[in-house]
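Everything on this sheet refers to the single structure shown next.
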Amino acid sequence: MIIDEVKVGLLSKAPEPGAGELAAILEEASKGKGLPLEAAASLLAVSDEAMLTGLFAAAGKLKERVFGKRIVLFAPLYLSNHCTNGCTYCGFRAQNRDVSRRALTIEETIAEAKALEQMGFKRVLLVTGEDPRWGLDYIVGAVKAIYNKTGMRIVHVNAPPMDVDALRELKAAGAGVYQAFQETYHRPTYGLMHPSGRKKDFDYRLSVMDRAMEAGFGDVGIGALLGLFDYRFDALASIAHSIHLFETFGSHAHTISIPRLRPAEAGLKEAPWKITDGELKKVVTVYRLSVPSAGIVASTRESASFRSELIKIGATQLSAASKTNPGGYKGGQSLEQFSTNDHRSLQEVMASVVDDGLLPSLCTTCYRVGRTGQDFTDKATTGQMEKFCQANAVLTLKEYLLDYCVNGSKESVAKAIDEGLREVKDEGLKKALIEKLKELEAGKRDLFF
Ligand code: SAM
Ligand code: SF4
């Protein structure tokens, strides 16, 4: 059994903890080894304002201990909006007829990736609908083409569940993280939300991360589409999913995303279980404290000001400048999956991360040096990641400053580099970092620790 749904159901109704109980849970969480499901359930029941403030502070502090100040930035690249599924909330669903569907050709995919590269991105997340005409071979072709023809350093993939052999092929093509969201872990609601197509099969979707691990993906990304069902149930189930992966394969989910339902063309008019900003903040903090090694990804489904709050309480990754329609970066018009809520450029997002006292990062190192899966989980939970994250963020910012930064934002990036360098605690590392910064100035590229 991947998730004990009865247990999650019972725990999702846990009572609010008393002050003493909360203090004991936060004390346990501060060790950075994660929390059992029962403790996560108590945290999700907190509604008292003062207690919530303590929770947010504890999560922000733990995030800094594990990953330093860095906030990783990336962009999604939508390959195809053809889809044979009937997800009630999504603009791409098959029943949405008379809309413009598009599947990028290899040349168009390369052009989109290059458009992102020119903005300064080094990491891209491929996203696609589910349609056998644009299945595994199509996605693998896109991954390979981006590596061969552009300067993108890592390609992650959010694609429909597949069997082990297909996942093996995707991994062999160089895909970094394999990501697929369960949407909701509540079976009856899942049935209602996915009335047709292959995605109807709850268990095939739930088991895909086990298959991905079996296929050699050390890093997988999970998430619940918040707003479909009770957030406490789905957040707890997401944590249970990650614990299952850890117990079975030795590594937690590499990322946990927090997609919240947005308006989509001919999609659900309203979220069946609306989740407030305050509740979403609580979910982020509980993920952070329960699965400290996981990256928590906040997309442009959220507004600029709200994302600024989320990165202070535990979120570690932001998408930026996102278009949710295939061809969107080259100005193409086609059906978008949902409307975004933060339209800022990469440069603007970077500047606001710096204003928040944090360190933007375009780092892609871990995936390329094999710091993945169990090794990543181990390093993150034993306090060994922070120094890599901090130093590598500084190096990527320097490259960005030298190659992409336009007037107006240079000052802010230069300030982040100075502060990032100053905050490197290990003197040996600081010295090595200064040397690498000089090498970048002399024309070398792609340096990392
Ligand atoms: N089609 C594949 C699938 O369903 O697994 C790939 C990813 S789909 C294009 C990306 C994710 O977007 C979905 O898993 C879902 O969580 C999210 N999504 C779909 N409709 C949305 C909406 N209206 N608002 C916010 N997120 C949405
Ligand atoms: Fe298709 Fe994915 Fe949208 Fe569902 S969420 S309709 S599977 S693109």
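Along each of the three principal axes of the Cα atoms of the stretch 336-439, give the extent in whole Å, ordering the values from largest to smallest.
38, 36, 23
Loop-only check: which chymotrypsin sites (Phe, Trp or Tyr not before Pro) in the stretch 226-283 are DSSP coil with at most 13 other Cβ within 10 angstrom?
Here no loop site has a sparse enough neighbourhood.
Using the Karplus curve 6.51 cos²θ - 1.76 cosθ + 1.60 with θ = phi - 60°, what ³J(HN,Hα) values do you get for each residue of the stretch 72-86, in whole Hz, with x for Gly and Pro?
7, 10, 8, 10, x, 10, 7, 7, 8, 10, 6, 8, 9, 8, x
Could you state the accessible area per residue of the stretch 384-441 in Å², with a 1.4 Å probe and every protein chain left in place?
For the stretch 384-441, the per-residue accessible area is 50 Å².
What residues have an amide H closer than 5 Å to that of Arg260, excluding those fewer than 5 places away on the same chain, when H is modeled at 1.01 Å from N in the peptide plane?
The list, which skips near neighbours in sequence, is Leu226.
With the cut-off at 19 Å, tell me which of the pairs Lys171/Lys444; Lys63/Lys379; Lys63/Lys436; Lys144/Lys199; Lys114/Lys330 have Cα atoms farther apart than that.
Over 19 Å Cα-Cα: Lys171/Lys444; Lys63/Lys436; Lys144/Lys199.
Add +1 for every Lys or Arg and -1 for every Asp or Glu among the other residues with Cβ under 13 Å from the Cβ of Thr372, and state the total.
My count for the surroundings of Thr372 gives +1.
Report in % the part of the accessible area of the stretch 207-290 that belongs to carbon and sulfur, leaving out ligands and nucleic acids; probe 1.4 Å.
With neighbouring chains kept in place, the figure for the stretch 207-290 is 53 percent.
Take the chain, connect every pair of alpha-carbon atoms lying under 10 Å apart with a spring to form a Gaussian network, then pick out the residue of Asp210, Asp98, Asp403 with the largest mean-square fluctuation.
Asp98
Rg(Cα) of the stretch 171-233 divided by 2.2 N^0.38 Å?
Relative to the rule-of-thumb radius for its length, the stretch 171-233 sits at 1.22.
What percentage of the solvent-accessible surface of the stretch 384-441, computed with a 1.4 Å probe over protein heavy atoms, is contributed by carbon and sulfur atoms?
It is 50 percent, rounded to a whole number.
What size of dipole, in debye to the nearest 20, comes out for the chain about its Cα centre when the only charges are +1 on Lys and Arg C-beta atoms and -1 on Asp and Glu C-beta atoms?
Around 780 debye, computed over the chain.
Ordered by packing density, taken as the mean number of other Cβ atoms within 10 Å over each peptide's residues, highest first, how do 349-360, 216-227 rank?
216-227, 349-360
Find the cysteines in the chain that fail to meet the 4.7 Å Cβ criterion with every other cysteine, and list them.
Cys83, Cys363, Cys366, Cys389, Cys405
Tell me the Kirkwood radius of the chain: reciprocal of the mean inverse pair distance over distinct alpha-carbon atoms, in Å.
Hydrodynamic radius (Kirkwood, Cα only) of the chain equals 22.0 Å.
In whole Å, how far is the Cα centre of the stretch 91-153 from that of the stretch 235-268?
23 Å
The values are calculated or read from the model by the stated rules, or taken from the named source; none is laboratory data. Keep in mind that this is a model prediction, so the values were computed, not measured. Cβ coordinates were reconstructed from backbone atoms using ideal geometry, including for glycine residues, and neighbour counts include every protein chain displayed. Only protein heavy atoms, including side chains, enter the accessible area calculation; ligands, DNA and RNA are left aside. Shrake-Rupley method; radii C 1.70, N 1.55, O 1.52, S 1.80 Å.
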